[in-house]
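Step one of this worksheet: look at the structure below.
The values are calculated or read from the model by the stated rules, or taken from the named source; none is laboratory data. Values in this document were obtained by computation on a predicted structure and should not be read as measured data. As a convention, Cβ positions derive from the backbone with ideal geometry for all residues, glycine included, and neighbour counts pool all protein chains shown. When the accessible area is computed, the model is the full protein with side chains, heavy atoms only, and any ligands, DNA or RNA have been set aside. Shrake-Rupley method; radii C 1.70, N 1.55, O 1.52, S 1.80 Å.
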Amino acid sequence: IGFRYGLLVEDFYTGFRLKCEGWRSIFCNPEKAAFMGNAPLNLLDVPFQNKRWQIGLLEVASSRYSPITFGVKAMGLFMGLGYSSYAYSSILSIPITTYSFVPQLALLNGLNIFPKVSEPWFLLYVLVFLGAYGQDFLEHCVGGGTIQIWWSDQRLWMIKGLSCFLFGLTEFLLKSIGIPTQGFNVTRKVIDDEQRKRYEQGLFEFGVSSAMFVPLTMAAIVNLFLFTYGLIHFVNGSNKEMGLMPLLLSASFPLLKQLWYWLFIQ
């Protein structure tokens, strides 16, 4: 009775097992906060906490109570798939990392792996690109969010995909084959006034040092160089088809999103 311990995500695991046993749940969102708690607000502690969560979710996903097998059988297909999408979310680091490097490096070497502007398939790519962002923006608006919250969420999604998601998946795979890893680390909950001020303004502090930010930094540099390369070619008109695609690709990256945030949101 009570919480199901033994995993790093006892809250997710407890709720999941209760739903499998037939418990019903309701969405409670009162105007006044029912519970108050502390969570890390700086860019150094948030990825470490999310990495721990991703490892715990993979522990549930690889256990006998996996949502894709046990969950689908106990709760039904759609509910099981809903829990599975969350439990396996760290696997998204693979396509995010691929999308952050492979198309950019291909374009810098003169290889266009996307349809050209003059081709009919280019319109489909643009519609998918705008449709994905439009759907996410609509969900934020329906949920009572603001443009600033949605913009920050887009940046943080890419940051987590190239940091805590990637490192969480890697650490879990290393532990699965018996290679020792870093182990459990507790994130700091003490918040000073300067951190709270940056958090309320929606600003990220990129001045921290951590190996978890190496893939993110490399991808930001590559995308920034690609954006400059595409902008020069597009303005000069030397090759508009090759110049427009780098602009579209790099426009979804957090370093450039910070620039757009400063220019158009603040």
* **Computed label-point distance, nm, for sites E139 and S62 using a 7 Å Cα→Cβ extension** => 2.7 nm
* Using every Cα-Cα pair within the stretch 1-158, state what percent have a distance larger than 19 Å. => 71 percent
* Structure fact -> In this structure, the FRET efficiency calculated for K197 and T146 from their beta-carbon separation, with R0 = 22 Å, to the nearest 0.05, is 0.75
* To do: Kindly flag which residue pairs out of K51/K175; K19/K160; K116/K160 have an alpha-carbon separation exceeding 25 Å in this structure.
  => K19/K160; K116/K160
* In square angstrom, what is the accessible area per residue of the stretch 8-101 with a 1.4 angstrom probe? -> 59 Å²
* **Added length on full extension, which subtracts the Cα-Cα distance from 0.36 nm per residue, L231 to D153** => 25.5 nm
* At a Förster radius of 22 Å, what calculated FRET efficiency corresponds to the Cβ-Cβ distance of L124 and Y99, to the nearest 0.05? -> 0.80
